[in-house]
Amino acid sequence: MEGGRIMSSPSLTRKFWGTEFVSPVMLASGTSGFGEELFKLGCLTGAGAVVSKAVTMKPRSGNPPPRLLETPFGLLNSIGLANPGARYVLENILPAVSNLPCPLVINVAGESVQEFADVVSVLKESGVHIGYEINVSCPNVAEGGAAFGVDPEVVFRVSEAVSQVADRPFSVKLTPNGGDMVQAAVAAQQGGASAVTVCNTFLGMMIDWKTGKSVIKRKVAGYTSPALLPLVVARVWQVSNAVSVPVISSGGVSCGQDVLQLLAAGAEMVQVGTRLMRRPCAAGELLDEMKKLTGEQ
Amino acid sequence: MILKGGRSNLQTAGDYVCTVLSSRQVLPGVFSVEFESPEISSVALPGQFVQVEPSPGVFPVTRRPVTINRLTESGFELLFDVVGRGTQLMARFLPGDMVRVMGPLGKGWDVDQDKTWLLIGGGLGAAGFQFLVDSVRSSGVIIGASGADRVIPVQAQTVHIVTEDGSRGSRGLVTALISEELLARADSIAVCGPVAMMEAVWNTIPEAHRSKVQVSTESRMGCGWGVCDGCSIPVSGGGYRKCCVEGPVFPGDTIDWKRWKEAGL
């Protein structure tokens, strides 16, 4: 059996990036803030880690509404990387989440290769987070606007720039929208990434046929759905066969069986995102389901 | 019962399996569902909402946010319009059904027990008014609708009804009933309805009374508890506020009506 793993009884606790995780489930960027809200709701029980919403150098207020559209089988989002900027996150948000019951990974976005490194340089003054996730799906504004992630050469440069300043591990979150994801993953690894995340949202659009206009203000948006599971499984399987660093899956998860399947496909950690919109306590629910399926106590 | 407060507080919110106690159609396409939930009703404040799972399983992938219309003996009542697939499913709830309901969520009306309220509702916007009327002293409730079959029932001492087709109450728009006398008698003014209606009401209210105005907003929501940034509403001076945790009730002068209307929601 190539790539996929036979897992009669996979262990659910694990050590990743030198940290103990109670579960392979991470909460995907943009669906759990910095973890504070879920902590207040009592929903971080069973969460392996929280991946923060994207942080950029300067504050961003985000895209004009509507930013969301539920489709028959998923969700389109166009939030626009709304965040208060790296300095504010360092000084105000990270101190407030230093007592989370699970590790925090910070998602980093930028408009130039340099911005990724600059954000990491600011945030490394904090000891609260265990690592970074580098979002190369955003447009490379400095060099024409195509997403960084579609060009393996650019992915290499971003990964290299981050690895020169990062004092802790980082994953590069790849894009499924154009380019060769396997090549991009290899490039991320060569640049120094300690993991790759497979993958960001799929480009989607919904049009009101009566007006001919996109329902989302910014026209195209990111699509997430439980129906994406086979697409993510295939990409995790392809990428994990091509790189030696751990693969973190992201997308398609709605039950414990999905998590186990992604682990079998080669993922080391599995992110859940949109499911949290319906089930804020999904991390604990998924862990319970997996324990039942694997017989782990 | 007089309540004080209105702050969003996730620590008092929970995700509960609630039993449907009753379900009925109150107007064509408008449904009332009563849930048993002492957990939610014991901490809920007027203007707060709950997130309802319309079906078991996975689809639709988000819940439906609905404002609590009133508290009942052992829980609360929701009033909602069937507008899409989620609310279609919710209209089929039957007594005895067990449904996931998360709440109470959001920041409700800034309620002060010494104040007298004027309530102005347009269409389904009035579908959360009963809780406020039951919690404060009100000098009047103005309800506007397109026709008699869209007039949300509110039990209060003084209710003024206006319909666009004249089929119930006076003919016209809610703005026609807003008088200096009504505004002067109120210490607080609650407004809820479609964006265009709320903006028209705001523009009708003279400057001198505007500081009394609170508006309850509605937006497409993802989570409902403050993280996805999907429901953000444009505010005066630029930027956005989250409808779900910084609202849904805001002081009237917070909203940037022009940018909010452009969203076309």
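We did not get these values from a lab; they are worked out from the coordinates using the rules stated. As the structure is a computational prediction, the values presented were derived from the model and not from experiment. Every residue, glycine as well, gets a Cβ built from its backbone with ideal geometry; the counts of neighbours run over all protein chains shown.
From its DSSP helices (H runs of at least four residues, each -39,500 (n - 2.57)), chain A gives a residue-normalised ellipticity at 222 nm of -8000 deg cm²/dmol. The residue among B:Ala126, B:Gly222, B:Met198 whose Cα reaches farthest toward the positive pole of the charge dipole of the range B:111-263, with charges on the beta-carbon of Lys, Arg, Asp and Glu, is B:Gly222.
Restricting to chain A, compute how many DSSP beta bridges are antiparallel as a %, nearest 5.
Values: 17 of 43 bridges.
Approximately 40 percent, going by the DSSP bridge assignments.
Can you give the FRET efficiency to the nearest 0.05 for B:Arg171 and A:Ser244, using r as the Cβ-Cβ distance and R₀ = 60 Å? Write out the running numbers ahead of the final one.
Working: r = 75 Å, r/R0 = 1.25.
With a Förster radius of 60 Å, E is 0.20.
Left without a cysteine partner by the 4.7 Å Cβ rule in chain A: A:Cys102, A:Cys138, A:Cys199, A:Cys255. Pairs from the table (A:Lys213/B:Lys258; A:Lys15/A:Lys58; A:Lys58/A:Lys124; A:Lys53/A:Lys213; A:Lys40/B:Lys212) lying more than 22 angstrom apart at Cα are A:Lys15/A:Lys58; A:Lys53/A:Lys213; A:Lys40/B:Lys212. Note that the range B:87-95 has calculated 3J(HN,Hα) couplings of 6, 4, 5, 5, 5, 8, 4, 10, x Hz, one per residue in order, obtained from phi through the Karplus relation 6.51 cos²θ - 1.76 cosθ + 1.60 (θ = phi - 60°); glycine and proline are x. Since only B:Trp260, A:Leu41, B:Ser74 are under comparison, the one whose Cα sits farthest along the positive direction of the charge dipole of the protein assembly as shown, derived from C-beta charges on Lys, Arg, Asp and Glu, is B:Trp260. Using Cβ point charges alone (K and R +1, D and E -1), the dipole size of the protein assembly as shown about the Cα centre works out to roughly 480 debye. Restriction of the GluC sites (Glu not before Pro) in the range A:243-297 to DSSP coil positions whose beta-carbon has at most 13 other beta-carbons within 10 angstrom yields A:Glu296. Projected label points at B:Val17 and A:Lys219, each 7 Å from Cα along the beta carbon direction, are separated by 4.8 nanometres.
3J(HN,Hα) couplings calculated from phi for the range B:31-41 with the Karplus curve 6.51 cos²θ - 1.76 cosθ + 1.60 (θ = phi - 60°) are, in sequence order, 10, 10, 10, 9, 10, 8, 6, x, 4, 6, 5 Hz; Gly and Pro show x.
Ignoring aspartates and glutamates fewer than eight residues from A:Lys219 along the same chain, the ones with Cα atoms less than 12 angstrom from its Cα are A:Asp208.
Among residues other than A:Ser250 whose Cβ falls under 13 Å from its Cβ, what is the net charge (Lys/Arg +1, Asp/Glu -1)? Don't skip to the end; give the middle numbers.
Values: positive: A:Lys173, A:Arg235, A:Arg275; negative: A:Glu133, A:Asp258, A:Glu268.
In short, 0.
If you take the Cα centroid of the range B:170-231 and the Cα centroid of the range A:93-138, the two points sit 40 Å apart. Between B:Arg259 and B:Ala184, residue separation times 0.36 nm minus the direct Cα-Cα distance comes to 24.0 nm. Here B:Ser146 and A:Met206 are evaluated by their C-beta separation; at R0 = 41 Å the FRET efficiency comes out at 0.90. Counted by neighbouring Cβ atoms within 10 Å, the residues A:Tyr223, A:Tyr132 run from fewest to most as A:Tyr223, A:Tyr132. When +1 charges are put on Lys and Arg Cβ atoms and -1 charges on Asp and Glu Cβ atoms, the dipole computed for the range A:128-267 relative to its Cα centre reaches about 520 debye. Annotation: the residues B:Val83, A:Val236, sorted from fewest to most other C-beta atoms within 10 Å of their own C-beta, follow the order B:Val83, A:Val236.
When +1 charges are put on Lys and Arg Cβ atoms and -1 charges on Asp and Glu Cβ atoms, the dipole computed for the range B:76-221 relative to its Cα centre reaches about 320 debye.
Taking every DSSP beta bridge that has both ends in chain B, the antiparallel portion is near 60%. Given contacts defined as C-alpha pairs under 8 Å and at least six residues apart, what's the relative contact order of the range B:180-265, whole-number percent? Reported relative contact order: 28 percent.
Mind running the shape call on the protein assembly as shown? Use the C-alpha gyration tensor, a ≥ b ≥ c as the square roots of the eigenvalues: rounded below 1.5 for a/c, prolate if a/b tops b/c, oblate otherwise. Each step should come with its number before you reach the end.
Details: a/c = 2.16, a/b = 1.78, b/c = 1.21.
It comes out prolate by the Cα gyration axes.
So for chain B, averaging the separation of alpha carbon pairs under 8 Å that are six or more residues apart and normalising by length, what relative contact order in percent results? With pairs under 8 Å counted, the relative contact order is 18 percent.
Would you mind classifying chain A by shape? Square roots of the alpha carbon gyration tensor eigenvalues, ordered a ≥ b ≥ c; an a/c under 1.5 is rounded, otherwise it is prolate if a/b is larger than b/c and oblate if not. Taking the square roots of the gyration eigenvalues as a ≥ b ≥ c, chain A is rounded. For chain B, the longest principal axis of the alpha carbon atoms and the long axis of helix B:195-204 meet at an angle near 30°. Amide H to amide H, with H built 1.01 Å from N, A:Val55 comes under 5 Å of A:Asn107, A:Val108, A:Ala109, counting only residues 5 or more places away or on other chains.
Assuming 0.692 mPa s and 37 °C, estimate D for the range B:111-263 with Stokes-Einstein, Rh taken as the Kirkwood radius over Cα pairs, in µm²/s.
Details: Rh = 15.8 Å.
The calculation lands on 208 µm²/s.
In this structure the amide hydrogen of B:Val249, modeled in the peptide plane, comes within under 5 Å of the amide hydrogens of B:Lys107, B:Thr217, none closer than 5 places in sequence on its chain.
For the residues of B:250-263, the average number of beta carbons from a partner chain within 10 Å of their own beta carbon is 1. Shown in residue order for the range B:252-260 are the 3J(HN,Hα) couplings computed by the Karplus curve 6.51 cos²θ - 1.76 cosθ + 1.60 at θ = phi - 60°: x, 6, 6, 7, 8, 4, 5, 5, 5 Hz (x for Gly and Pro).
Output the relative contact order of the range A:208-296, whole-number percent, from Cα pairs under 8 angstrom with separation of 6+ residues.
Working: 99 pairs, mean separation 22.3, N = 89.
Taking the mean separation of contacting Cα pairs over the length of the range A:208-296, I get 25 percent.
In this simple spin-label model, placing a label point 7 Å from the Cα along the Cα-to-Cβ direction at both A:Glu143 and A:Lys292 gives a separation of 4.9 nm.
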